[in-house]
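S.K.: Structure provided below as structure tokens; questions to follow.
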Amino acid sequence: MKADMRSLFLVLSVVALSLCLDTSPASSQSRLTLNAVKLRDAVVCGVSNGTRGFSARKPDGTWHGLDIDICRAVAAAALGDAGKVKFVPLNAQERFKSLQLGEVDILSRNTTWTHTRDIAMGMTFVGIAYFDGQGFMVRKGSNINTLEDMRGARICYETGTTTEVSLADHFAVKGIDYKPVPFDTAPLTMIGFQSGRCDILTSDQSELFSLRLELSKPDSAEVLPLIIEKEPLGPVVRRGDESWEALVRWVLFSLIDAEELGVNSENVDQLVQSRDPAIKLLLKGTAADLSIGLPAEWVVRVVKQVGNYGEIFERNVGAGSPLGIPRGLNDLWNRGGLMYAPPFR
């Protein structure tokens, strides 16, 4: 009963705060998430249990990765401090329920944007943070290079993911029989692969690069260039709070636009004085920002504290990281990739 009363008090406090702080017609209803974030002074972010390059813990317990930096950027925008994030590790089965129940404010956890998830599950994908695809990891010297080579093979995968469904559907269409070897988590699939319980491990290709580094002998395995399914990964929020949805969406877009305009963590302070109209709009803010609870120049603190999209990509998964993933589709649209964000105007 005491826990229930505390929960009720928190909800009533958030509502009261929203009514006191926000006077615009739509604000009292649409800023509940942001007001709750401000009340607790932290963004609660659902992340994976541990995927190197995307969301993993360092030996000192701090979190790092591309998905982690998306959360940190949201905190920098909403609270002025990229460090004000509480990370909640979630497996594939519990991630959506946790978001739906309000246990997390945002899900930034290598999650694929699909029709069903976006429409029928009470949540909204705000954009694509990483263009991925379903791939395969095999042992070197296995002579497995094509789908035909996988006929009759034992294939490990994580349950409760699009990987499981895509594998079954794609192989059924091709008329290729295989032996499914399911596991509850990504780390367990890696253990299954390493112990010889399966011949092939399938997942998002980005995750395979990460899991390969967890093997006792990473050089004993290789990630095939073969892709069988689109896997656009991006942040997810609960449906019903349009202001919070817009805030998270435009934080993601700001990272992409900042890279395109040449604004980074090293030069953002100087470029605040730029005469370039596009840079001025990006860094000075607009009246639209105020309508969703963001102050002027919020992009400055996001880029200064977290970096632009290119900086985030390179330090976590790019050529300078242990994963060494090329930009490819995740390069900017004007450099041959698919990364494209609406302009700030």
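Every number in this text was worked out from the coordinates using simple rules, so none of it is lab data. Because the structure is predicted, anything quoted here is derived from the model rather than measured. Using ideal geometry, Cβ is built from the backbone for each residue, glycine included, and neighbour counts are taken over all protein chains shown.
S.K.: Tabulate in residue order the Karplus-calculated ³J(HN,Hα) for the range 74-89, using 6.51 cos²θ - 1.76 cosθ + 1.60 with θ = phi - 60°, rounded to whole Hz; enter x for Gly and Pro.
M.R.: Each residue of the range 74-89 in turn: 4, 5, 4, 6, 7, 10, x, 9, 5, x, 8, 10, 9, 8, 10, x Hz.
S.K.: Test of understanding: express the Cα radius of gyration of the chain as a ratio to 2.2 N^0.38 Å, with N the residue count.
M.R.: Scaled against compact globular proteins, the figure is 1.05.
S.K.: Assuming R0 = 22 Å, can you tell me the calculated FRET efficiency for the pair D60 and L213, based on Cβ-Cβ distance, to the nearest 0.05?
M.R.: 0.70
S.K.: For a quick check: with amide H placed at 1.01 Å from N, whose amide H comes under 5 Å from V88's, ignoring anything fewer than 5 positions away on the same chain?
M.R.: Placed amide hydrogens put C45, G46, V47 under 5 Å from V88.
S.K.: Still on this model: Contour minus end-to-end for S142 and D41, with contour as 0.36 nm per residue of separation and end-to-end as the Cα-Cα distance?
M.R.: Residue separation times 0.36 nm, minus the Cα-Cα distance, leaves 31.2 nm.
S.K.: Which value, in debye to the nearest 20, describes the size of the charge dipole of the range 133-231 about its Cα centre when Lys and Arg Cβ atoms bear +1, Asp and Glu Cβ atoms bear -1, and nothing else is charged?
M.R.: It works out to roughly 340 debye.
S.K.: Sticking with this structure for a sec: Based on the inverse mean of 1/r over its pairs of different Cα atoms, what is the Kirkwood hydrodynamic radius of the range 100-147, in Å?
M.R.: So the Kirkwood estimate lands at 14.0 Å.
S.K.: Could you work out the helix-only [θ] at 222 nm for the chain, with each DSSP H run of four or more residues adding -39,500 (n - 2.57) and the total divided by the number of residues, to the nearest 500 deg cm²/dmol?
M.R.: -12000 deg cm²/dmol
S.K.: Sticking with the crude label model, points 7 Å out along Cα→Cβ, report the distance from I227 to T159 in nm, one decimal please.
M.R.: 3.0
S.K.: For the range 95-108, just list the computed ³J(HN,Hα) in residue order, Karplus coefficients 6.51, -1.76 and 1.60, θ = phi - 60°, integers in Hz, with x standing in for Gly and Pro.
M.R.: Whole-Hz 3J(HN,Hα) from phi for the range 95-108: 4, 6, 4, 4, 5, 4, 7, x, 6, 10, 8, 8, 10, 10.
S.K.: So for the pair T286, Q100, with labels modelled 7 Å out along Cα→Cβ, what separation do we get in nm?
M.R.: With each label point 7 Å from Cα toward Cβ, the separation is 3.5 nm.
S.K.: Farthest toward the dipole's positive end in the chain, which of G196, G310, N35, given Cβ charges of +1 (Lys, Arg) and -1 (Asp, Glu) about the Cα centre?
M.R.: Sorting the options by dipole projection puts first N35.
S.K.: Could you tell me what percent of the DSSP beta bridges with both partners in the chain are antiparallel, to the nearest 5?
M.R.: Close to 60 percent.
S.K.: Hey, what D do you get for the range 133-231 in µm²/s if you plug the Kirkwood alpha-carbon radius into Stokes-Einstein at 37 °C and 0.692 mPa s?
M.R.: 251
S.K.: Let me check against my output: what whole-number percent is the relative contact order of the chain, with C-alpha pairs under 8 Å and at least 6 apart?
M.R.: 20
S.K.: What is the dipole size for the range 246-345, taken about its Cα centre, with +1 at each Lys and Arg Cβ and -1 at each Asp and Glu Cβ, in debye to the nearest 20?
M.R.: 160
S.K.: Summing Lys, Arg as +1 and Asp, Glu as -1, what charge do residues with Cβ under 13 Å from the Cβ of M121 carry, M121 excluded?
M.R.: Once positives and negatives cancel, what remains is +4.
S.K.: Please give the contour-minus-distance gain from A168 to M121: 0.36 nm per residue of separation, less the Cα-Cα distance, rounded to one decimal in nm.
M.R.: Stretched fully, the A168-M121 segment lengthens by 14.7 nm.
S.K.: Using the crude model of +1 on Lys and Arg Cβ and -1 on Asp and Glu Cβ, and no other charge, please compute the dipole size for the chain relative to its Cα centre, in debye to 20.
M.R.: Dipole magnitude for the chain comes out near 500 debye.
S.K.: Then there's this: Among I228, I292, rank each residue by its count of other Cβ atoms within 10 Å, from fewest to most, as a rough exposure measure.
M.R.: The most exposed by this proxy come first: I228, I292.
S.K.: Using Stokes-Einstein with the Kirkwood hydrodynamic radius over Cα pairs, what translational diffusion coefficient do you get for the range 206-308 at 4 °C and a viscosity of 1.567 mPa s, in µm²/s rounded to a whole number?
M.R.: The estimated diffusion coefficient comes to 79 µm²/s.
S.K.: So what are the range 251-315's ellipsoid semi-axes, whole angstrom, largest first, if each one is the square root of 5 times an eigenvalue of the alpha-carbon gyration tensor?
M.R.: Equivalent ellipsoid semi-axes, largest first: 18, 14, 10 Å.
S.K.: Related question: Given the pairs K97/K230; K58/K84; K284/K304, which are separated by over 21 angstrom at their Cα positions?
M.R.: Where the Cα-Cα span goes over 21 Å, the pairs concerned are K97/K230.
S.K.: Aspartates and glutamates within cross-link reach of K280: Cα-Cα under 13 Å, excluding same-chain residues under 8 positions apart?
M.R.: Those aspartates and glutamates meeting the cut-off are D257, D269, E297.
S.K.: Each residue of the range 211-223 in order: what ³J(HN,Hα) in whole Hz does its phi give by Karplus 6.51 cos²θ - 1.76 cosθ + 1.60, θ = phi - 60°, with x for Gly and Pro?
M.R.: So the J values, rounded to whole Hz, are 5, 4, 5, 7, 5, 4, 10, x, 6, 7, 10, 9, 8.
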